[in-house]
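Worksheet: the structure to be examined is printed underneath.
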Amino acid sequence: MRLSFRTTSGRRFAALATMVATTAVCVTALAVATAAPVPVLGQHVAVPAYISPTDSAAWNRIATSGSQLGFVVANVANGPDSGVNTAWQSVINTTHGSGTKVLGYVDSGYFGFTTPPRETVLGHTDAQSWLQQAEQQIDQWYQFYGASIDGIFIDDGQNVCGPTSGSTTYVDLYRELNDYVHTSHPGALTVVNPGVGVPQCYEDVADVLVTFEGTFANYQNPTGEYVTQPWQLDADPNKFWHLVYDTPQASLTAALDKSKQNNAGYVYVTPDTLSNPWDTVPPSAYWSAELAGTVVTGSTPAAPPKPSVATSDATTVDLSWTSASSSQVVGYDVYQGSVKIGSVVNYTPDATEFTAIGLRPGTQYGFSLKARSPAGKVSAAGPTRTVTTSAPYGAVPSAPGSLTATELAPTSLKLGWTASTGTVDHYDVYQGATRILTVKPTVTSARVGFLTPSQQYSFKVVARRDSGVSSAASNTVTVTAPAPSGGPVASPTVDMTTPNTTLQAQYNLPFTFRNVFVDSDSNAATGYPVAGIGADHLIQGENFYQHAGGTGFSWNTVSGVAPLISHVGGLYVWRVPTSTFGTSTGLKVVFNGSGGSPDAYTAIVTAVKH
């Protein structure tokens, strides 16, 4: 029971709401404009599937879409949640089993570089805390859903290189996260979502970039940051994914044509609108037309040559090969054995290059290439280049020292250690025998979250070099996460007066969503059924919703109401106009925490108007 509405970045939300109101005018003007040429570009549809796993019709439409569906993004709770969700497990397994890649949603929170800064689940705002939370959630997707996860989608991406001219602070963080995914999960597809055009410094921060997320009207007449930047028009089209909502079926072809002009190899167009345009799949006729509209005809390119090894060491191999001179090759797919590990644009007239990372020392690998045409046709594999990485070499760093655990809480703690001596490229943090985090050599602390209260854990840290050598482990720290005092959600109260109703509860665990379900007609058979009531209103964080009808988890925003009054030390206080509940003289309320920690509900709180 949660909403996943954080799909359009905060910095763009107000502008997008305005654009919706002007859609009809823009479309009318475009009807008389001179059409630009539409290039031959084979594409795939990719879906941000923030759809309830109980919507079997929508998920069946996805699973039966065939080869034109490139990938979908699964979003359980703005992340993987705190454990396996059996309903999500079913749709993830079915979708992956149908041949479509499934990516797990992870939020980067702009790495905290916003005003005010975004908070992690644990309430921290610094870049390292965001990076470490993202790494833990990446591994959780694979831990919970196994081989059915094919990659990671990183939301809320920055769209400049750094905070100042010449700085690369932001892109360095995304590169670090991208390398973590590819090293820990070879063959994973990575996507970062800035949602707008980005400078070329972003070219290597992910396999795919979302460089447009907005309305059809704004897609046809882009201004400012929505304009496609020139370098993107010359890059590999499979580098870009465009998300276009509020698109009537009569405008579907125009939207697809525009995506081809913008060199987007992945596209998703939907008639759905704000507040969450990604919680449905288009109707059957629309969906079939969208899939068909991404197919173009063209010849299959010739197989590429065997790659050469420019350089190699214990954990990386630099490949290069003679680029195709023909314009019928836009990019190459690189394979490590039978696993596709990346794609790269055709660099012609220069040699094309690619670096394989995360390899094991002293191990033999085979690398081959496939060429892709503008029409999306993929060649046969070229000859395989076999290479053996070098044995580990170099001086071994000393073990990290004096590992301690502080700030122990029911689901989290902070680890700290003294730096190793000698050359260090990374510190790896282990929970038991499992690596859960990797940090840079300048970082000697880590926040570990997503623990289970009352459970015992052991941690250690190892220093590692890119040359394949690692230190001995630090001392081991063993702790037991304490139980939350008073329970996960405690002390719920509701005071229903004229003119306002005040609701509050103490949240003792770090939840992604803090929900208040309100039944104003005292009828469990109407509204959304939850914990013994039929909720017709929902408070979630800073937002207030009214149930959309039926019994599904579907809500409409109540405009003009900002319910959150304060949240200090986990005590959340909300206030809404009592008139919102009509003529009701009493309420039944359930407080809920979900995401980030196991779901928790209070008993029903009954309030009488006074």
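Of the conditions (1) surrounded by fewer than 17 Cβ atoms within 10 Å (Cβ to Cβ); (2) in a loop (DSSP other than H, G, I, E, B); (3) out of contact with any Gly (no Cβ under 7 Å at 6 or more places or on another chain), N556 fails just one. Which one is it?
Failing condition for N556: (2).
Report the residue count in region 501-513 for those that are open to solvent by 40 Å² or more (accessible area, probe 1.4 Å) and more than 13 Å from A607 (Cα to Cα).
The total comes to 2.
Could you identify the single residue in F544, F511 that is under 23 Å from G79 (Cβ atoms) and touching a strand residue (DSSP E or B) at 6+ places or on another chain (Cβ under 7 Å)?
Exactly one residue qualifies, and that residue is F511.
Starting from region 95-106, take each residue that is in a strand (DSSP E or B) and list its partners that are among the acidic types (D, E), counting only C-beta distances under 6 angstrom and pairs at least six apart or across chains.
Every condition considered, the pairs that remain are K101/D150; V102/D150.
Could you tell me which numbered condition E176 fails, if it satisfies all but one of (1) in a loop (DSSP other than H, G, I, E, B); (2) open to solvent by 20 Å² or more (accessible area, probe 1.4 Å); (3) of a type outside the set (S, T, N, Q)?
Single failed check for E176: (1).
Can you find a residue that is among the β-branched types (V, I, T), open to solvent by 30 Å² or more (accessible area, probe 1.4 Å) and either on the phi > 0 side of the Ramachandran plot or assigned to a loop (DSSP other than H, G, I, E, B) (or both) anywhere in region 461-479?
yes
Which residues, counting only those in region 338-367, are assigned to a strand (DSSP E or B) and of a type in the set (F, W, Y)?
Scanning region 338-367 gives F354, Y365, F367.
Can you name the condition, by its number, that T493 falls short on among (1) over 17 Å from I604 (Cα atoms); (2) over 27 Å from the mean Cα position of the chain (by Cα)?
Of the numbered conditions (1) over 17 Å from I604 (Cα atoms); (2) over 27 Å from the mean Cα position of the chain (by Cα), the odd one out for T493 is (1).
Tell me, which helices (runs of 4 or more DSSP H) lie completely within region 180-292 with 3 or more residues that are touching a Pro at 6+ places or on another chain (Cβ under 8 Å) and not charged (D, E, K, R)?
Answer list for region 180-292: none.
Could you tell me how many of the residues in region 339-353 are open to solvent by 40 Å² or more (accessible area, probe 1.4 Å), out of contact with any helix residue (DSSP H, G or I) (no Cβ under 6 Å at 6 or more places or on another chain) and closer than 23 Å to V181 by Cα?
3
Restricting to region 356-411, name every residue that is closer than 30 Å to A264 by Cβ, of a type in the set (A, V, I, L, M, F, W, C) and open to solvent by 20 Å² or more (accessible area, probe 1.4 Å).
Across region 356-411, the qualifying residues are I357, V378, A380, A381.
Out of the residues in region 107-119 that are free of Cβ contacts under 8 Å to residues at least 24 places away in the same chain and either within 22 Å of V196 (Cα to Cα) or of a type outside the set (D, E, K, R) (or both), which is least open to solvent (accessible area, probe 1.4 Å)?
In this case the residue turns out to be G112.
Taking region 297-323 only, how many residues are open to solvent by 30 Å² or more (accessible area, probe 1.4 Å) and either under 30 Å from V45 (Cβ atoms) or part of a strand (DSSP E or B) (or both)?
Total meeting the criteria: 12.
Would you mind finding the one in S52, S65 that is at pLDDT below 95, under 20 Å from T270 (Cβ atoms) and surrounded by 15 or more Cβ atoms within 10 Å (Cβ to Cβ)?
Checking each option against the conditions leaves just S52.
The values are calculated or read from the model by the stated rules, or taken from the named source; none is laboratory data. Bear in mind that the values here come from a model prediction, so they are computed numbers and not experimental data. Here the Cβ is made from the backbone with ideal geometry for all residues, glycine too, and neighbour counts use every protein chain on show. For accessibility, only protein heavy atoms count, side chains too; no ligands or nucleic acids. Shrake-Rupley method; radii C 1.70, N 1.55, O 1.52, S 1.80 Å.
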